[in-house]
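> If you scroll down you'll find the structure; I have some questions about it.
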Amino acid sequence: MTTTVQLSSATRVADMFKIGIGPSSSHTVGPMRAAALFAARLEGLPVARMTARLTGSLGATGRGHMTDRAVILGFQGYAPQTVPADVVADCLRLTQERGLIVVAGRDVPFEIDRDVVFEPRTLLPFHVNGLVFNAFDADGEELAHGTYYSTGGGFVSEQIDDGHVVSLDALPEDAAPEPFPYNNAGALLRICAAEGMSISEIARANDGSGEDLDQYLDLVHKTMNECIEAGINATGILPGGLNVPRRARRLREQLMTRDFERGPSWQSSNDPMAGIDWVNLYALAVNEENAAGQRVVTAPTNGAAGVIPAVLRYYERFVPGADRDGVRRFLLAAAAIGAIIKANASIAGAEVGCQGEVGSASAMAAAGLAEALGGTPQQVENAAEIAMEHSLGLTCDPVAGLVQIPCIERNAIAAVKAINAARMAMWSDGRHQVPLDTAIKTMRDTGKDMLSKYKETSEGGLAVNVIEC
Ligand code: SF4
């Protein structure tokens, strides 16, 4: 029998905002974590060979998402949040040149083409992103095996031998119970009303990280801004063979000089919509960094990593009175909404399409901005609902299996959508026809009905209609 361990809406802020590397949380961060967890079990064993089978969506788009590199890094004990950039960059080349990897302190012969197998047609029972790892001794006898699932957003589950699947991100059984438990947005709003608290205050109280929480929120904020700056300063062509040029740096140069070059026009900074250009810039910068495999914050996934930083930077730059407290409240409210979406639908493109990735990020960003603007819990929930409602049906169809087209621009569009949703909600009194829970349920149902070719397999949509050159 196979069972699911459902994460509750108590998912911690550190789970919703993981610091990792690009280009994909489900196809890079999760597999790397799974491989590292497996390798940690091999301490002291006479390992002479390691193999990895990547099934389902990991098999279909794993090459473009660098899943093979992620698994090799994980086998060698690297973690997404701390692995140095040069180790990531050199991993495949060095493995090929040396013909070995280092697992639990031992040199293990490794041939990438032989030992990492992509199996797009194999579907394991629990989830479309499956990983099967094996370790053998010098006689070919199996020393250990493990079946893992990368369930989106960097979350990992493991199938244990009786067939049960356990989340490796669940709170420990002896964790203190959250003071304000809820499983959906309606229940959260009722708690806010009963306690006279905001959504960010409830999220803070439930997180359980105590004083460390602000430190982590500030680290997330800093990492997001560093990613924007890195993306703005980088040039060149993104890896993977699609020949997609980075655009952020050029766009910034244009935005910085336009006042001096242009008279009154849509390109002038006097244009009332000029702020959109900056929001686009921030999102492009982050997603170009993600596509290049650089350090990003999973928010709630890597493919959607640009939306929240772009909206957060908009808040800091364009909202008078923006401050650190507002940034923290933004992130807390966004995490609360992301956890509700994850608990009741999915944040994985391989399960529900891009509505679960970029749609969720847009809803989280809208909620975060409304919270930072001083919105009531109803307005915050309404902002998230608007952004989610108008992301319904969004398919996942990355060209060549790379997180570039349509992903990079899509983040910019979703960031602007989030700002619009927050503004629309803030102009209302919070009352609205469609509850966020209904939009989330609709997203889940739509994802179930979506053909698999639109769920991170690169077998439909733009992935088959765009000519690769
Ligand atoms: S299309 Fe959306 S869900 Fe699919 S890889 Fe790109 S960002 Fe992720």
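The values are calculated or read from the model by the stated rules, or taken from the named source; none is laboratory data. Just so you know, these numbers come straight off a predicted model, no measurement behind them. FYI the Cβ positions are ideal-geometry reconstructions off the backbone, even for glycines, and counts take in every protein chain you see.
> Just a yes or no: is a residue in the range 159-174 farther than 23 Å from ALA35 by Cβ, surrounded by 13 or more Cβ atoms within 10 Å (Cβ to Cβ) and free of Cβ contacts under 8 Å to residues at least 24 places away in the same chain?
No, every residue in the range 159-174 fails to be farther than 23 Å from ALA35 by Cβ, surrounded by 13 or more Cβ atoms within 10 Å (Cβ to Cβ) and free of Cβ contacts under 8 Å to residues at least 24 places away in the same chain.
> Give the range 393-428 a look and list any residue that's of a type in the set (Asp, Glu) and at pLDDT below 95, or say none. Quick ask: steps written out before the conclusion?
First pass over the range 393-428, keeping only residues of a type in the set (Asp, Glu): 397, 409.
Correct list: ASP397 only.
> Further question on the same structure: So which residues in the range 394-439 are of a type in the set (D, E, K, R) and away from the ligand (no atom under 15 Å from the Cβ), if there are any at all?
As a first pass, look at the range 394-439 and keep what is of a type in the set (D, E, K, R): 397, 409-410, 417, 423, 429, 431, 437.
Hits for the range 394-439 are ARG423, ASP429, ARG431, ASP437.
> Right, another one. Residue by residue through the range 21-40, note down the ones that are surrounded by fewer than 24 Cβ atoms within 10 Å (Cβ to Cβ) and of a type in the set (Gly, Ala, Ser). So that I can check it myself, show each step before the final result.
First pass over the range 21-40, keeping only residues surrounded by fewer than 24 Cβ atoms within 10 Å (Cβ to Cβ): 36-37, 40.
The answer is ALA36, ALA40.
> Criterion first (among the hydrophobic types (A, V, I, L, M, F, W, C), within 16 Å of the ligand (Cβ to nearest atom) and in contact (Cβ under 8 Å) with a residue 12 or more places away in the chain) does VAL88 satisfy it?
Working: among the hydrophobic types (A, V, I, L, M, F, W, C): yes; within 16 Å of the ligand (Cβ to nearest atom): no; in contact (Cβ under 8 Å) with a residue 12 or more places away in the chain: yes.
Against the criterion (among the hydrophobic types (A, V, I, L, M, F, W, C), within 16 Å of the ligand (Cβ to nearest atom) and in contact (Cβ under 8 Å) with a residue 12 or more places away in the chain), VAL88 does not qualify.
> Kindly evaluate ALA60 against the criterion of being away from the ligand (no atom under 16 Å from the Cβ) and touching a residue at least 40 places away in the same chain (Cβ under 8 Å). Before you say what the answer is, go through the steps one by one.
Numbers: away from the ligand (no atom under 16 Å from the Cβ): no; touching a residue at least 40 places away in the same chain (Cβ under 8 Å): yes.
It is false that ALA60 is away from the ligand (no atom under 16 Å from the Cβ) and touching a residue at least 40 places away in the same chain (Cβ under 8 Å).
> Let me ask something additional. Among what's in the range 408-430 and is among the charged types (D, E, K, R) and in contact with a helix residue (DSSP H, G or I) (Cβ under 7 Å, 6 or more places away or on another chain), pick the residue that is surrounded by the fewest Cβ atoms within 10 Å (Cβ to Cβ). Steps first, please.
To start, the set of residues in the range 408-430 that are among the charged types (D, E, K, R) comprises 409-410, 417, 423, 429.
Those left that are additionally in contact with a helix residue (DSSP H, G or I) (Cβ under 7 Å, 6 or more places away or on another chain): 410, 417.
Values: ARG410: 26, LYS417: 22.
Taking the candidates together, the pick is LYS417.
> Next question, about the same structure. Given the conditions (1) surrounded by 17 or more Cβ atoms within 10 Å (Cβ to Cβ); (2) farther than 17 Å from ASP15 by Cβ, report the number of the one that SER200 does not fulfil.
(2)
> Still on this structure: Let me confirm something: among ALA138, ALA144, which residue is exposed (fewer than 13 other Cβ atoms within 10 Å of the Cβ) and touching a residue at least 12 places away in the same chain (Cβ under 8 Å)? Steps first, answer last, please.
Details: ALA144 fails: exposed (fewer than 13 other Cβ atoms within 10 Å of the Cβ).
Sole residue among the options that is exposed (fewer than 13 other Cβ atoms within 10 Å of the Cβ) and touching a residue at least 12 places away in the same chain (Cβ under 8 Å): ALA138.
> Residue by residue through the range 45-71, note down the ones that are crowded, with 24+ Cβ neighbours inside 10 Å, within 21 Å of the chain's Cα centre (by Cα) and outside any loop (DSSP other than H, G, I, E, B).
LEU54, THR55, GLY56, SER57, LEU58, ALA60, THR61, THR67, ALA70, VAL71
> For LEU284, all conditions in the list (1) in contact (Cβ under 8 Å) with a residue 12 or more places away in the chain; (2) more than 27 Å from THR151 (Cα to Cα); (3) of a type in the set (A, V, I, L, M, F, W, C) hold save one; what is the number of the exception?
Just one mismatch for LEU284, condition (2).
> Hey, could you check the range 323-343 for residues that are within 19 Å of SER25 (Cβ to Cβ) and among the β-branched types (Val, Ile, Thr) and say which is nearest to the ligand (Cβ to nearest atom)?
Out of the qualifying residues, it is ILE341.
> Another question, if that's okay. Looking at THR301 and the list (1) within 12 Å of the chain's Cα centre (by Cα); (2) farther than 17 Å from ALA366 by Cβ, which single condition is not satisfied?
(2)
> Just checking, which of LEU436, LEU402 is in contact (Cβ under 8 Å) with a residue 60 or more places away in the chain and either within 15 Å of THR376 (Cβ to Cβ) or of a type in the set (Lys, Arg) (or both)? Lay out the reasoning, then the answer.
Values: LEU402 fails: either within 15 Å of THR376 (Cβ to Cβ) or of a type in the set (Lys, Arg) (or both).
Going through LEU436, LEU402 in turn, the sole match is LEU436.
> When you scan the range 443-451, do you find a residue that is modelled with pLDDT of 95 or more, surrounded by fewer than 19 Cβ atoms within 10 Å (Cβ to Cβ) and over 30 Å from PHE118 (Cα atoms), even just one?
Looking for residues that are modelled with pLDDT of 95 or more, surrounded by fewer than 19 Cβ atoms within 10 Å (Cβ to Cβ) and over 30 Å from PHE118 (Cα atoms), one finds none in the range 443-451, hence no.
> Here's a follow-up. Looking at the range 344-393, what helices (runs of 4 or more DSSP H) fall wholly within it and have at least 1 residues that are within 14 Å of the ligand (Cβ to nearest atom) and surrounded by fewer than 24 Cβ atoms within 10 Å (Cβ to Cβ)?
Details: elements: 349-352, 358-372, 377-389.
It comes to none.
> Filter the range 243-254 down to the residues that are hydrophobic (A, V, I, L, M, F, W, C) and under 15 Å from GLY293 (Cα atoms) and list them by number. Show your work before the answer.
Going residue by residue through the range 243-254, those that are hydrophobic (A, V, I, L, M, F, W, C) are 244, 248, 251.
Scanning the range 243-254 gives a single hit, VAL244.
> Mind listing whichever residues of the range 295-310 are within 16 Å of the ligand (Cβ to nearest atom) and not small (Gly, Ala, Ser)?
The first filter runs over the range 295-310 and keeps only residues within 16 Å of the ligand (Cβ to nearest atom), leaving 296-310.
VAL296, VAL297, THR298, PRO300, THR301, ASN302, VAL307, ILE308, PRO309 - these are the residues of the range 295-310 that are within 16 Å of the ligand (Cβ to nearest atom) and not small (Gly, Ala, Ser).
> I would also like to ask the following. Looking at (1) under 22 Å from ARG41 (Cα atoms); (2) buried (at least 23 other Cβ atoms within 10 Å of the Cβ); (3) not polar (S, T, N, Q), find the lone condition where PRO109 falls short.
The single condition PRO109 does not satisfy is (2).
> Oh, and also: Among strands (runs of 3 or more DSSP E) lying entirely in the range 79-195, which contain 3 or more residues that are β-branched (Val, Ile, Thr)?
Details: elements: 100-103, 106-109, 116-119, 129-136, 142-152, 155-159, 165-167.
Hits in the range 79-195: 100-103.
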